[in-house]
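Worksheet: one structure, shown below.
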Amino acid sequence: METIADIGRNARTGGYRRDAWSSADLELREWFRGAAAARRLDLDEDRNGNLWAWWGSPTVPGVVTGSHLDSVRDGGAFDGPLGVVSAFQAVDALRARGFRPARPLGIVCFTDEEGARFGVPCVGSRLLTGVMPAERARGLTDDDGNRLEEVLAAQGRSPAALGRDEETLGRIGMFVELHVEQGRALAVPVGVASAIWPHGRWRLDFRGRADHAGTTALSDRDDPMPAYASAVLRARELAERLGVLATFGKVRVEPGNANAIPSLVAAWLDARGPEEAKVRRLVDELTQDTDVICESWTPEVAFDVPLRDRLAGLLGAPVLPTGAGHDAGILASAGVPSAMIFVRNPTGVSHSPAEFAEPADCEAGVAALATVLEDLCRA
Ligand code: HGY
Ligand code: MN
Ligand code: MN
């Protein structure tokens, strides 16, 4: 973790800004390549930009572990990287004890899991599995108007190659993702995931008429800001009533003059909860007369029960659900037997510079992952 601690770290906030395909992300991709090469693992980058490091040629379906290295803006150090770093360390531990896998063991770094730049989470795993059409991915645009296809081409990748990747998918016999826990539910160092709540992102556009702040009577205004403000308060009220979570974490005011009525307030709603119907109900009630686009939706994920129970039994670990989305959820929904190992987060804080996990718990996570990989890769 220390070897990447300075990559993309914002000195003012202490948070990480590792947008997909940013210079920080490119630096992390180089770090991944170096970590693979140092262990003589066979490196591969698939057509969607996901990085793979193989211990044993993937001529038959293997066991894959890993996570992501990109972050939300001002994210923490552990969300994503802990799973990738722990994967390399688990391989080191297995080699140290003379273990040799009976099937290929892969480490993956999925690209653009957070969707911080282009707005859709798990782009790498959604493209790999075909959940996201390649054409939609090519057209994803960041806040500066850069299309993903242009960004990829500028990095020497081929946007035309994006899309479901049967060959790469066929190499994944099962997937285990280690991740820092992002709630307060884990009282012991390691847990196993049971499910991921249904969750989605919607863009709401509140339109108005730009005008002068000092010469436009209140009765003459078509001001989108009050409509936005009411929606935020209504979302909170609905969330409390329905027992779901609703968040407005990103808003863009155009043109953004302090002395003018805006013409547009674009706001992004993140809504999640244990019951899909209630999440949908909140969104429907909130947006019935608003311009709204669903930018992403992830149905509830119930992880593979035999694999979940095998890990929980091996580790003597509790099983718990999460409200956070993960690439493991996308793979599980695509039919790949998948599981997650959670490492305790003493405060539960995440998507924040304050995100933390005790070194002893991180070590316990590596030991747990090594135990699981040894069991799954045994002849
Ligand atoms: O938003 C999420 O739950 C994840 O961090 N992508
Ligand atoms: Mn995250
Ligand atoms: Mn994550």
Problem set entry | Carbon and sulfur %, accessible surface of the stretch 6-67 computed with the full protein complex present, 1.4 Å | 47
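Give me the net charge for the shell around Val301: Cβ to Cβ below 15 angstrom, other residues only, Lys and Arg +1, Asp and Glu -1.
Neighbour charge sum, excluding Val301 itself: -4.
Just the number, please: carbon plus sulfur as a percent of the accessible area of the stretch 83-150, 1.4 Å probe, no ligands or DNA/RNA counted.
Reported share for carbon and sulfur atoms: 43 percent.
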Exercise. For the stretch 55-192, with every protein chain kept in place, what is the accessible area per residue (1.4 Å probe, Å²)?
Worked result: 34
Problem set entry | Point-to-point label distance, Trp268-Leu218, nm (Cα→Cβ direction, 7 Å offset) | 3.4
Exercise. With each label point set 7 Å from Cα along the Cα-Cβ vector, what nm distance links Ala38 and Asp6?
Worked result: 1.6
Problem set entry | Computed Rg/Rh of the stretch 296-338, alpha carbon atoms with Kirkwood Rh | 0.99
Exercise. Considering only the other residues whose Cβ falls under 15 Å of the Cβ of Ala217, what net charge follows from Lys and Arg at +1 and Asp and Glu at -1?
Worked result: -2
Exercise. Carbon and sulfur atoms: what percent of the 1.4 Å accessible area of the stretch 200-297 do they account for?
Worked result: 50
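Looking at the chain only, what percent of DSSP beta bridges run antiparallel? Nearest 5 please. The partial results should precede the final answer.
Working: 44 of 63 bridges.
Within the chain, antiparallel bridges account for around 70 percent of the total.
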Exercise. Going by a ≥ b ≥ c, the root eigenvalues of the Cα gyration tensor, does the stretch 146-250 fall in the rounded group (a/c under 1.5), the prolate group (a/b larger than b/c) or the oblate group?
Worked result: oblate
Exercise. Per residue, what accessible area does the stretch 200-297 have, given a 1.4 Å probe and all protein chains present, in Å²?
Worked result: 56
Exercise. Given the C-alpha centroids of the stretch 318-348 and the stretch 54-70, what is the distance between them in whole angstrom?
Worked result: 17
Problem set entry | Accessible area expressed per residue, the stretch 335-375, with surrounding protein chains retained (probe 1.4 Å, Å²) | 33
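The values are calculated or read from the model by the stated rules, or taken from the named source; none is laboratory data. As the structure is a prediction and not an experimental result, all values here were calculated from the model. Counting neighbours? That spans all protein chains shown, and the Cβs are built from the backbone with ideal geometry, glycine included. These area figures cover heavy atoms from the full protein model, side chains too; ligands, DNA and RNA do not enter into them. Shrake-Rupley method; radii C 1.70, N 1.55, O 1.52, S 1.80 Å.
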